[in-house]
Amino acid sequence: MPEKPEPVRKAGNGEDSIYWDKSKNRFIGALSLGYTPAGKRRRPKVSGKTRTEVRSKLRALRRELEAGVTTSATYLVEDAVNDWLAQGLKGRDQSTVDTYISLATNHVVSDLGKAKLRDLTADSLDCWLDEKSTVLATSSLQMVHSILRRAIAHAQRRDKVARNVAELVETPEGRPGRPSKSLSLEQARAVLQARPGTWIHAYVVTSLLVGIRTEEVRPLTWDRVHLAPSDGTAPHVEVWRSVRRRGETKTRKSRRTLAVPKQLVTVLDAHRVIQQEQRKSLGIEWCEAGFVFGTDSGEQRRAHIVRHTFRGLLRDAGIPDPEAWTPRELRHSFVSILSDHGISLEVIARVVGHSSAGTTERVYRKQIRPVVTDGAEAMDDIFDRNATPEA
């Protein structure tokens, strides 16, 4: 039952007070902070259903005032998140910003947006995170919690709130993430034959036979592709850029030069001719620095377009449930197929850019030469077009 009002001693001058307001049907607490220069009494107030609640709010309000922070009763979680999205992500890659906006909108703002920021409690956030853990994978749950924590920290720095309650709770374990898959050798053969002559065919052949990341394939330019090197080295690609901020690869060891299989040389040669003809028909001048898998107008393709078109290719190749696949799993397939073929894990790690610090220092950090040929030689052997399938 709600607490009943009881007679209380009238507060003396300079004292805080708690009293019952019949018109509001709530207890009111008031701090006594003296007078303004104009002679007006300063008595900020809080309200609550019980004296205990009001007393707690008064203590919190006094702590805020002593810390020089005056929280707004109308500043919402939604306001804090939107302010952080607008001001706290400067210099981030647009794809990163889009991810944060999506998670913030669909999980933080939709669930907590209308709550007053100063009224958030650790208990309420614990309950909220526990509920989200039933629908989000652990990595996504960590990002959602991080968004709220960083948004409140942003508000703290602007004296919108005294403490960051999101720092007082732990992120629980979420649902297990979707495990990555790899194509079987038979599936890979079918995929390599699907939609010949299209950009997505060339994209898939590159990803599957060389094993580079999707974020490294999309920004690949023709001046980094050497199909007939004049210096006598093997045909190769220079994996030196990605779609990350400022174009860096994921790690230093990811910056590498890789030989390409013969099948890929043939596919990319044909793809270049087709692309040149398309650009000429559109009146666009050919540029060696242009994107290998760019749009007809020469722009870099967006990730969601690649993903959608890739799934269409899988459908044509007869792969079951193509919507369950993503382009990054071509890299997983590359690793699995090489491993099944007897290639050592050390060699595979070196090819895909997961080498030790020592190998990075010797080979990758300043690598222009030598070209890493292990993966290409194995893929030529595995996918030899003249070989007959095993009985």
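Any read-out appearing in this document is the output of simple, stated calculations on the displayed coordinates, not a laboratory observation. In this text the structure is predicted, and so the values were computed from the model without any measurement.
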**Item:** Table column - 3J(HN,Hα) (Hz), segment 186-202, Karplus curve with 6.51, -1.76, 1.60, x for Gly and Pro
**Value:** 5, 5, 4, 4, 5, 5, 5, 9, 7, 6, x, x, 9, 5, 5, 5, 5
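My understanding is that a pair violates if its Cα-Cα distance is over 21 Å; which of K22/K45; K57/K132; K22/K49; K24/K49; K24/K57 do that in this structure? Each step should come with its number before you reach the end.
Details: K22/K45 16 Å; K57/K132 29 Å; K22/K49 12 Å; K24/K49 10 Å; K24/K57 17 Å.
K57/K132, as the Cα separations exceed 21 Å there.
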**Item:** Long-range HN-HN contacts of A137 with modeled amide H, under 5 Å
**Value:** R175
**Asked** Between T221 and residues 5 or more places away or on another chain, which pairs have amide H atoms under 5 Å apart, with H built 1.01 Å from N, and which residues are they?
**Response** V292
**Request:** Could you list which residues have their amide H under 5 Å from that of V239, counting only those 5 or more apart in sequence or on another chain, with H placed in the peptide plane?
**Result:** R256, T257, L258
